[in-house]
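The values are calculated or read from the model by the stated rules, or taken from the named source; none is laboratory data. Note that the coordinates shown come from a computational prediction; the quantities given were computed from them, not determined experimentally. Reconstructed Cβ throughout: ideal geometry from the backbone, glycine too, with neighbour counts over all protein chains shown. Accessible surface areas use protein heavy atoms only, side chains included; no ligands, DNA or RNA. Shrake-Rupley method; radii C 1.70, N 1.55, O 1.52, S 1.80 Å.
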Amino acid sequence: MIPYFSTTINRRKFIKTLGIAALSAQIQPFAVEAKLYPNSVLKPQRLQVGDTVGLISPAGMIESKDVEEAKQTFATLGLQVKLGQHLLDRYGYLAGKDIDRAADVNAMFADKSVKAVIAMRGGYGCDRILPLINYSLIRSHPKIVMGYSDITALLLAIYTRSRVVTFHGPVATSTWNNFTVNHIKRILFQGEAVTMHNTLATELRRKTITPGKARGKLAGGNLSVLSAMVGSSYLPSWQHSILFVEEIDEDIYRVDRMLTQLKNAGILNKIAGFVFGLRLFKSDFVKSNIFIYS
């Protein structure tokens with residue numbers, strides 16, 4: 001039956017609404033695993049030259065040229081590349097249907113030949129697939145998993161539900177300059193406890209709000225994604241943690257709103273330390289790569 005509308009609906013809005021409805025309808029329920037591992041955190045094995053890296057697109061769409069460039073990037077690190085089955089899929093503004101993007105994540109962790117799982121890009125979509133991830137599988141096959149921006153949702157969910165250390169770092173389509181490559185080698189290959197500092201510190205405005213020393217487990221990621229996850233079962237315990245957030249090109253009032261949400265949710269009252277890097281909308285700020293693991 002076609003519903004009767006008493007008012008005229010703009011054609012573009014109507015089509016857009018149908019598109020959103022279609023995307024929402026594909027979110028499928030998945031049994032939530034209640035068991036967590038609060039006292040046992042696993043670290044994945046380090047990378048070695050010759051290892052295979054699995055590339056996935058759990059969020060936004062990519063192009064074929066992005067894949068070719070990624071292959072060259074990892075070849076310079078002496079790594080082989082395995083592509084997710086749905087790497088180049090498209091579904092609306094997403095890199096394929098939820099069930100297929102989640103399947104690629106699960107398949108990479110199940111594949112014994114893959115030693116690390118790296119997202120091609122961020123964008124949007126990771127939070128949609130969180131109920132479809134096999135966290136027990138990931139717990140049984142801990143591997144390096146890395147990305148940033150929207151990939152924050154996947155990293156935090158894996159850390160929370162599987163208790164496997166995840167890495168907040170460059171995606172495959174990032175700019176892999178000397179700074180980035182150096183940190184990748186030192187952390188993922190050599191397993192160093194690297195002291196993080198910004199090489200562009202003299203060009204940036206910096207301010208210490210509350211001085212002192214803090215100790216805790218690093219956890220965090222993109223501020224917009226993190227604030228949108230508040231209230232879900234995919235966030236870790238923040239007690240005595242050091243929270244780090246990154247955000248880019250947001251109006252100051254939106255940043256204020258998101259930080260206030262974290263405050264009202266009680267998160268900022270529990271943490272031992274807080275580190276943030278922001279490039280506000282239309283502000284003078286020099287962009288730099290930040291590599292931190294949670």
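List the residue pairs whose Cβ atoms are under 7 Å apart, where the first residue sits in the stretch 226-241 and is buried (at least 18 other Cβ atoms within 10 Å of the Cβ), the second is of a type in the set (Asp, Glu), and the two are 6 or more positions apart or on different chains. Close Cβ pairs satisfying both conditions: 229/127. Taking the stretch 145-202 as the range and being under 29 Å from residue 134 (Cα atoms), part of a helix (DSSP H, G or I), aliphatic (A, V, I, L, M) and open to solvent by 10 Å² or more (accessible area, probe 1.4 Å) as the test, only 187 passes.
Mind checking which residues of the stretch 80-96 are in a loop (DSSP other than H, G, I, E, B) and in contact with a helix residue (DSSP H, G or I) (Cβ under 9 Å, 6 or more places away or on another chain)? Steps first, please.
So in the stretch 80-96, the residues in a loop (DSSP other than H, G, I, E, B) come out as 84-90, 92-93, 95-96.
Once the filter is applied, which keeps residues that are in a loop (DSSP other than H, G, I, E, B) and in contact with a helix residue (DSSP H, G or I) (Cβ under 9 Å, 6 or more places away or on another chain), the stretch 80-96 yields 84, 85, 86, 87, 88, 89, 92, 93, 95, 96.
Here residue 90 qualifies as over 19 Å from residue 231 (Cα atoms) and either open to solvent by 30 Å² or more (accessible area, probe 1.4 Å) or more than 18 Å from the chain's Cα centre (by Cα) (or both). The lone criterion from (1) farther than 16 Å from residue 232 by Cβ; (2) in contact with a strand residue (DSSP E or B) (Cβ under 7 Å, 6 or more places away or on another chain) left unmet by residue 155 is number (1).
Taking the stretch 50-72 as the search range and keeping residues that are surrounded by fewer than 21 Cβ atoms within 10 Å (Cβ to Cβ) and touching a residue at least 40 places away in the same chain (Cβ under 8 Å), which one is nearest to the chain's Cα centre (by Cα)?
The qualifying residue nearest to the chain's Cα centre (by Cα) is 60.
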